[in-house]
Amino acid sequence: MAQAYSAGLTVTKSIVLRKDRILPLKGKVLVKKGDKVKAEDLVAETLLPGKVVPFNMANKLGVQPNLVEQFLKVKAGDEIKAGQLMAETKGFFGMFKTPIKAPIDGEIESISKITGQMLLREPRIPVQVKAFIDGIVVDVLEEEGVVIENKSAYVQGIFGIAGETTGEIKVLAKDGSDIVKASQIDASCKGKLIVTGAMVTLDVIKKCQEVGVNGVISGGIDDADLKKLLGYDIGVAITGHEKIGVTIVVTEGFGEIKMADATFELLKEFEGKKASMHGKTQIRAGVMRPEIIIPIPFEGEELVVEEAKMATLEIGSTIRVIREPNFGMIGKITALPEELTKVESETLVRILEAELNNGEKVIIPRANVEVIEM
């Protein structure tokens, strides 16, 4: 039988990761190959060009474009400060001069003798790239960035919002089905990555924003709460750019869904340990999952990164059901019949047989599950 592939989700206590930390355009790399770095360390930096501001110098001076140059006090490439004298008319007998001053801080991009137009550019915008994970620099891409490697406990989420953050893991939920209340969020949670069980509610998120929680890890989230939080429907857009003051990673799906035992127990085991996480999610081509990365110390080991591969459906594979009924349930595949089977929609599909964690034996279309790589 040909191999069957499915969407995969990784939850593991030990994995070797490599992260590319790349600048948006060429700049300066601040570390070298072999350096040990912390998540907060800067590894590369550059300056993005500022916004261009057109300035009609000929019009301001009241002269023909080809005459502008003789009145200028600056030239292309010069840095300028707001209020600085850029040009001045000669006036009459040295009097009644018209001074033209810079409207912004920045630099002069160009001056046209044909149009008399000056292009000013606002100050360059510094961009700094941090390591994001504790690890070792295994490769340096000259003027572009670095590749950082580490050994970690690792959890992929289903969905997330907001960007990269770090902090110690703090488990507030009693178990994966517990739902943390806003009253449980206090000053001790500041700067932490908190685990909230089966769901994170809007009032909990708002309390996290007030207290200064860095990240929230939850089994589920209500899509109506998400819309209220962001002010818009998330749709199928790429997430991770939201500026809400706290990063959220959802491990199971939308609604109240018990956090998988394997995920909850892993986070519980590493409570108090430093972790890195982000909420970047993309469900179209080039799938991107939110991640929780917990560095594991290693000494003298030669780390080998396995090439990414599609998860395969095999007897014994751990799966998560991703459609109703049994949405969010975890189980193991017990059989993979080859023949097509008619389902409720009258469609003929390939199915699998599985035993869920609650002991229930079910028959599920293969398209309705994803493999969890443990």
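What follows draws every value from the coordinates through simple rules; no lab data is involved. Predicted model, so just to flag it, every value in this text is computed and none were measured. So basically every Cβ, Gly included, is an ideal-geometry build from the backbone, and we count neighbours across all protein chains shown.
Residue pairs, Cβ under 9 Å, 6 or more apart or interchain, first in the stretch 55-75 and in a helix (DSSP H, G or I), second of a type in the set (K, R) and surrounded by 19 or more Cβ atoms within 10 Å (Cβ to Cβ). List them.
Pairs that qualify, where the first residue is in a helix (DSSP H, G or I) and the partner is of a type in the set (K, R) and surrounded by 19 or more Cβ atoms within 10 Å (Cβ to Cβ): there are none.
Those residues that are of a type outside the set (G, A, S), outside any loop (DSSP other than H, G, I, E, B) and either under 19 Å from E168 (Cβ atoms) or in contact with a strand residue (DSSP E or B) (Cβ under 9 Å, 6 or more places away or on another chain) (or both), I need them from the stretch 211-239; list them, please. Give the steps one after another, and end with the answer.
Residues of the stretch 211-239 that are of a type outside the set (G, A, S), as a first pass: 211, 213-214, 216-217, 221-223, 225-230, 232-234, 236, 238-239.
When the remaining residues are screened for being outside any loop (DSSP other than H, G, I, E, B), the result is 211, 216-217, 221, 223, 225-230, 239.
Residues satisfying the conditions are V211, V216, I217, I221, D223, D225, L226, L229, L230, T239.
Looking at (1) over 28 Å from V129 (Cα atoms); (2) surrounded by fewer than 17 Cβ atoms within 10 Å (Cβ to Cβ); (3) out of contact with any Leu (no Cβ under 8 Å at 6 or more places or on another chain); (4) not aliphatic (A, V, I, L, M), which one does K60 not meet, given that it meets all the others?
It fails just one condition, (2).
The rows are residues; the columns are (1) surrounded by 21 or more Cβ atoms within 10 Å (Cβ to Cβ); (2) in contact (Cβ under 8 Å) with a residue 12 or more places away in the chain; (3) of a type in the set (S, T, Y).
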{"position": "V127", "(1), (2), (3)": "no, yes, no"}
{"position": "I136", "(1), (2), (3)": "no, yes, no"}
{"position": "G145", "(1), (2), (3)": "yes, yes, no"}
{"position": "T166", "(1), (2), (3)": "yes, yes, yes"}
{"position": "D186", "(1), (2), (3)": "no, yes, no"}
{"position": "G220", "(1), (2), (3)": "yes, yes, no"}
